[in-house]
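As C-alpha cells, the structure follows; a few thoughts come after it.
The values are calculated or read from the model by the stated rules, or taken from the named source; none is laboratory data. Bear in mind that the values here come from a model prediction, so they are computed numbers and not experimental data. Reconstructed Cβ throughout: ideal geometry from the backbone, glycine too, with neighbour counts over all protein chains shown.
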Amino acid sequence: MTGRIRVKQALAEGRAGQEFLLKGWVRSVRTGKGVTFIALNDGSSLAGIQVVAEPELPNFDEVSRLGTGAAIAVGGVLQESPAAGQALELKALRVEVVGEADPEYPMQKKRHSFEFLRTIAHLRLRSNTFGAVFRVRSALAQEVHRFFAERGFLYVHTPIITANDCEGAGELFRVTTLDLAKPPLVNGEIDFSEDFFGRATGLTVSGQLEGELFAQAFSDIYTFGPTFRAENSNTSRHAAEFWMIEPEMAFADLNDDADLAEAFMKRLCTFALNSCDEEMKFFNAQIDKGLIERIEGVATANFARMDYTEAIERLKKAPESFQFPVEWGLDLQSEHERYLTEQVVGGPVFIVNYPKDIKAFYMRMNDDGRTVAAMDLLVPKVGEIIGGSQREERLDRLTQRMIDTGIAPESLSWYLDTRRWGSTPHAGFGLGFERLIMYLTGMDNIRDVIPFPRTPKHAEF
C-alpha cells in the first residue's frame, strides 16, 4: 500500500483491486444488514468516496458508532460499487479514528441555509457548496498569476499600510499606536507626528498609485492583494476586506486597457469552465440554473464598446422605467448597467468616456474637457465587474485636477514625480476578486465567497 493519496486522485486514477490509504472527514454514516457505509471527503473534490466497513474489521463496533464530522484514516482496497452515481468504493481493511466528533456537531443535516452557515464560518468549509467555492477561488487565484506571467507582467506587492487614500473617499481604517484614551493633541486635533509612522496612516483601499510607480520602471505590472474599505454597508456586494487584481501598463491607452481586460475576463471564464468543471456543474445545478450557459457566452463573446453619452441616450429611450434617474452626468446604477448589457447589447460591453465629475482625479482628461478616459466592463446579471482608465500623465492637468477635487498636491508629491521625469501614457484597471468569484459561481453574497468575511460588526476570527 502506498502512502496517503487524495480522494480525487484515487477516484480519477484508481482501479478495482488497488489498495489505498485515504484520510478525511466523515460526512455521513449509515449501518444496515451488518455493514456500515461511510461517506468520506477530504476536500480535494466535490465527490467524496463511499467507505464500506464490514463486521470482520477489528474495530467495527467503534467505526459503526462514528459521528458526522469525525476525522479518520482508512486503508482499504478499491472495488466496483453497485450503488448508482459512483463507479468505485473503498472496502475498509483498517480504520483509525484520528479525531472524534461529538453529537453536537452542527453540520448534521445535508442542507443548511447560507445565513446559518455564516454563523459557523469555521465549519461551513466542510459543506459541498463552500468546498466548491473555495476550490474554485484557489484555482482562479493561480490562473490570475499564470495569465500575467505569460504576458511578462511583474507581480508587485503594494503596501497594506499606507498614507494615501487612492479613491479620495476617506473610507480608510486608521492604523495607529497612539493611546486612544489620551492621544496627543494640537489645537484640538490629534497630532499624528507622535504616531509610529510620524503621520496619519490607514489600511490601503487600492494598490493602484504604487502600481503606477512600478509601471514607470517595469512597463507592465500587476498587484493582487487585500484591500480595505471602512464603508458601513451591509449589502450583499460589500465587504470591509476584499482582494483586488490591478494591472498597470506603461505606453498604453484606454483601448489597450480594454483589450487586456477582455482577454483577462475571457481567460478566467474559459478556465473555470474547463478546469473547474465538477464545481461548475454543481453550481449550475444547485445555485444558478443558467450559470454555465451565461459564462460560456462571455468566454466566446466579442465585447462591445459604447460611449457613456450613447449609453445615456439608450437608457432614456428604454421602454421600461428605472428606479434611479437617468441623466448625463449621473453615475450608472446596477439596473442601468444590466439593461445595457442584457437588453441593448446582449453580452459584455465596455462603457467608456465618463463625465469627469463622477470619476477619480487620476483619470486622463479627454479633449472635450467634460469627460475622462474611463471604462467599466458590464456583464449580464451583475453589471459592472471591471473598472479602469487611462491615467493622466500630464503634470499640469493632474495637478489641477487634484486641486479641483480637494487633494493637496504636496501630499502626493511622490506620485507627481512620475509625471516630471519620463512620464508616459499609461492605463490600468481593477477587478474585485470576490466579485469575479460571485459571477463565476452564481453565489449572490460576497460573504459566501471569501473565507472569513469582514463586514460591519463582524470580525470573529
Given the conditions (1) of a type outside the set (D, E, K, R); (2) in a loop (DSSP other than H, G, I, E, B); (3) under 19 Å from the mean Cα position of the chain (by Cα), every one holds for PRO247 apart from (2)
Within segment 284-307, the residues that are assigned to a helix (DSSP H, G or I) and touching a helix residue (DSSP H, G or I) at 6+ places or on another chain (Cβ under 6 Å) are ASN284, LEU291, ILE292, ILE295, VAL298, ALA299
So for segment 113-133 (the condition being surrounded by fewer than 14 Cβ atoms within 10 Å (Cβ to Cβ), in a strand (DSSP E or B) and at pLDDT below 95), does at least one residue qualify? no
Mind checking which residues of segment 410-439 are surrounded by fewer than 18 Cβ atoms within 10 Å (Cβ to Cβ), in a helix (DSSP H, G or I) and of a type in the set (Phe, Trp, Tyr)? TRP414
Given the conditions (1) assigned to a helix (DSSP H, G or I); (2) within 21 Å of LEU123 (Cβ to Cβ), every one holds for GLN9 apart from (2)
Go through segment 164-200 residue by residue and tally those that are in a loop (DSSP other than H, G, I, E, B) and either at pLDDT 95 or above or more than 23 Å from ILE245 (Cβ to Cβ) (or both). 19
Kindly check whether there is at least one residue in segment 97-109 that is loosely packed, with under 14 Cβ neighbours inside 10 Å, of a type in the set (Asp, Glu) and modelled with pLDDT of 95 or more. no
Answer from ILE351, ILE312 - the residue that is touching a residue at least 40 places away in the same chain (Cβ under 8 Å), under 28 Å from ARG391 (Cα atoms) and out of contact with any Pro (no Cβ under 8 Å at 6 or more places or on another chain): ILE351
Note on segment 22-79: residues closer than 19 Å to GLN108 by Cβ and basic (Lys, Arg) are ARG27, ARG30, ARG65
Subset of segment 413-461, residues over 15 Å from THR227 (Cβ atoms), among the aliphatic types (A, V, I, L, M) and out of contact with any helix residue (DSSP H, G or I) (no Cβ under 7 Å at 6 or more places or on another chain), comes to ALA459
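Results for (1) touching a His at 6+ places or on another chain (Cβ under 7 Å); (2) under 18 Å from ARG4 (Cβ atoms); (3) without any contact (Cβ under 8 Å) to a residue 12 or more places away in the chain, shown as yes or no for each residue.
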{"residue": "GLY24", "(1), (2), (3)": "no, yes, no"}
{"residue": "THR36", "(1), (2), (3)": "no, no, no"}
{"residue": "GLY43", "(1), (2), (3)": "no, yes, no"}
{"residue": "PHE60", "(1), (2), (3)": "no, no, no"}
{"residue": "GLY67", "(1), (2), (3)": "no, no, no"}
{"residue": "GLY75", "(1), (2), (3)": "no, yes, no"}
{"residue": "PRO82", "(1), (2), (3)": "no, no, yes"}
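Table: residues versus (1) within 30 Å of ALA12 (Cα to Cα); (2) over 21 Å from the mean Cα position of the chain (by Cα); (3) small (Gly, Ala, Ser).
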| residue | (1), (2), (3) |
| --- | --- |
| LYS182 | no, yes, no |
| ASP191 | no, yes, no |
| ASP195 | no, yes, no |
| LEU213 | no, yes, no |
| ARG237 | no, no, no |
| LEU254 | no, yes, no |
| MET265 | yes, no, no |
| LEU268 | yes, no, no |
Taking segment 24-77 as the search range and keeping residues that are outside any helix (DSSP H, G or I) and of a type in the set (Ser, Thr, Tyr), which one is surrounded by the most Cβ atoms within 10 Å (Cβ to Cβ)? THR36
